[in-house]
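Notes to accompany the following structure.
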Amino acid sequence: MLEVLGVDVWGESAYLCLVDGPALTVEELASRTGIDQDNLKGALIRLEDRGLVSRMPGRPTRYRALPPEHALEVLLLARERDIHRVRALAQHLAERHRKAQVGRDSASLIEVITGPDGVARCGQQLFRRAEREIRGIDAPPYAKASNGERVNSSLNIGGRRVRSRFIHAHDALRVAGGVRRIEGDIAAGEEVRFLPQTPMKMILADDQAGLIPLLATPQVLDSCILVYPSALLDALSTLFETLWQHAQPYIPEQTGQPDDDALPEEDRRIIALLAMGLSDEAIARQLGIGHRTIQRRVQALLARLGATSRFQAGILAASRGWWRPET
C-alpha cells in the first residue's frame with residue numbers, strides 16, 4: 001500500500017512492525033519481519049529520509065516509527081505536488097503535440113490497432129484516460145485482453161467521477177447473461193439506452209480520442225482505428241448524440257403508484273423486456289424463469305392491461321407508471 005508513496009516492500013514491512021510495537025534494533029526487526037539485515041538497513045535509511053522513522057539515542061541503535069498521521073501526510077502532500085507538476089507538464093506537452101500536428105499528413109490523425117489483445121488494451125486505455133465522459137455504442141464482437149480482462153467501463157473507470165453513457169442494440173438483451181451484465185453496469189453508475197439496431201461499435205473518450213472497428217467477424221474483433229481530434233472524431237460524436245436522443249432507456253426508476261395497483265418488480269422487468277421487443281423465450285432465458293411460466297405471466301399481464309399486443313402493453317404499462325420510457 002505504501003508503495004504509492006515511494007516506500008518499497010521491505011520498508012513497508014519494517015515500518016508497520018515499528019508502528020505496532022516499541023523501538024527495535026536492526027537485529028530485532030530482522031527477526032520479526034524475516035527481512036535480510038542488509039536489505040533492512042537500506043530500507044531503514046530510506047524510511048529515515050522520508051521522515052517515517054527516527055533513531056533513538058544510545059547503543060545499540062534502535063529505530064522507532066514517527067506518528068503516521070503526520071509522517072504520511074507530509075509524503076502525501078509531496079506526492080500531490082509531484083502529480084500536479086506532471087499534470088501541468090502533460091498539458092504543456094499536449095499543447096506542443098497539437099501544434100506539431102498542424103500541417104502534417106492527415107494520416108497522423110488516425111492509428112490502426114491490430115490484434116484482439118491490442119484492441120482490448122487500447123479500449124482499456126481509453127476508459128482510463130477519460131477525465132469527463134466515456135460514450136460508446138456497445139455491440140458484439142468483443143475484444144478481450146490476453147490477461148482475460150474485459151473491456152468494460154465499470155471495471156476501468158474505477159470509481160472516478162467520469163460520466164459513462166452507452167447505447168446497446170436490443171440483441172444485447174438476447175445474449176446469455178446480457179441483462180445481468182448490463183444491470184451490473186447500470187448499478188455502477190452507467191447510463192444505458194437501447195435501439196432496435198446500432199450502426200456500428202465505438203468508444204469515445206472525452207473529445208480526445210475514439211475507437212471504431214476496422215475489421216471484425218461475428219466472433220472476433222481483429223483491428224480498429226484509433227481516431228484523434230479531427231472532423232472524423234467530431235462526426236462520431238455527433239452520431240452518438242443523435243442516436244442517444246432517439247434511444248430508449250432501460251428499466252428506468254419506478255414512479256409513484258397507488259398500493260392497489262402495485263406491480264411486482266419481476267413483472268416490471270418482464271414489461272420492460274417486452275417493450276424492448278424480446279420474445280418470451282429470450283425473456284425466460286434472461287430472468288432464469290421457465291418458458292411456459294413466462295408465457296403465462298405475459299398473457300396475464302396483457303389481460304390485466306387490456307392490451308391486444310406486446311407493443312400496446314408497453315404503452316399501457318407506461319401510462320400506469322409501471323414502466324416509463326423516458327428520453
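The values are calculated or read from the model by the stated rules, or taken from the named source; none is laboratory data. Everything quoted here is computed from the prediction, not taken from an experiment. Note: ideal-geometry Cβ built from the backbone for every residue, glycine included; neighbour counts use all protein chains shown. We work out accessible area using only protein heavy atoms, side chains counted, and drop any ligands, DNA or RNA first. Shrake-Rupley method; radii C 1.70, N 1.55, O 1.52, S 1.80 Å.
The table for this structure:
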| item | result |
| --- | --- |
| Output for the range 176-192, where each listed residue is in a loop (DSSP other than H, G, I, E, B) and buried (at least 16 other Cβ atoms within 10 Å of the Cβ) | 190 |
| Some residue of the range 147-161 being at pLDDT 80 or above and open to solvent by 20 Å² or more (accessible area, probe 1.4 Å) | yes |
| Subset of the range 261-280 [farther than 16 Å from residue 313 by Cβ and within 31 Å of the chain's Cα centre (by Cα)] | 265 |
| Verdict on residue 209 being surrounded by fewer than 20 Cβ atoms within 10 Å (Cβ to Cβ), at pLDDT below 75 and closer than 30 Å to residue 94 by Cβ | no |
| Failed item, numbered, when residue 61 is tested on (1) touching a residue at least 12 places away in the same chain (Cβ under 8 Å); (2) within 27 Å of residue 83 (Cβ to Cβ); (3) over 37 Å from the mean Cα position of the chain (by Cα) | (2) |
| Residue that is nearest to residue 57 (Cα to Cα), among those in the range 19-33 that are without any contact (Cβ under 8 Å) to a residue 40 or more places away in the chain and open to solvent by 70 Å² or more (accessible area, probe 1.4 Å) | 27 |
| The range 5-55: number of residues that are in a loop (DSSP other than H, G, I, E, B) and among the polar types (S, T, N, Q) | 1 |
| Any hit, the range 292-311, residues being under 16 Å from residue 180 (Cα atoms) and either crowded, with 17+ Cβ neighbours inside 10 Å or at pLDDT 80 or above (or both) | no |
| Long-range neighbours under 6 Å by Cβ, at least six apart or interchain, first residue within 13 Å of residue 34 (Cα to Cα) within the range 7-18, second basic (Lys, Arg) and open to solvent by 40 Å² or more (accessible area, probe 1.4 Å) | 11/46; 17/32 |
| Residue in the range 51-82 that is farthest from residue 24 (Cα to Cα), counting only those that are modelled with pLDDT under 75 and of a type in the set (D, E, K, R) | 79 |
| Considering residues of the range 268-289 that are farther than 20 Å from residue 195 by Cα and either touching a residue at least 60 places away in the same chain (Cβ under 8 Å) or of a type in the set (Lys, Arg) (or both) only, the residue surrounded by the fewest Cβ atoms within 10 Å (Cβ to Cβ) | 287 |
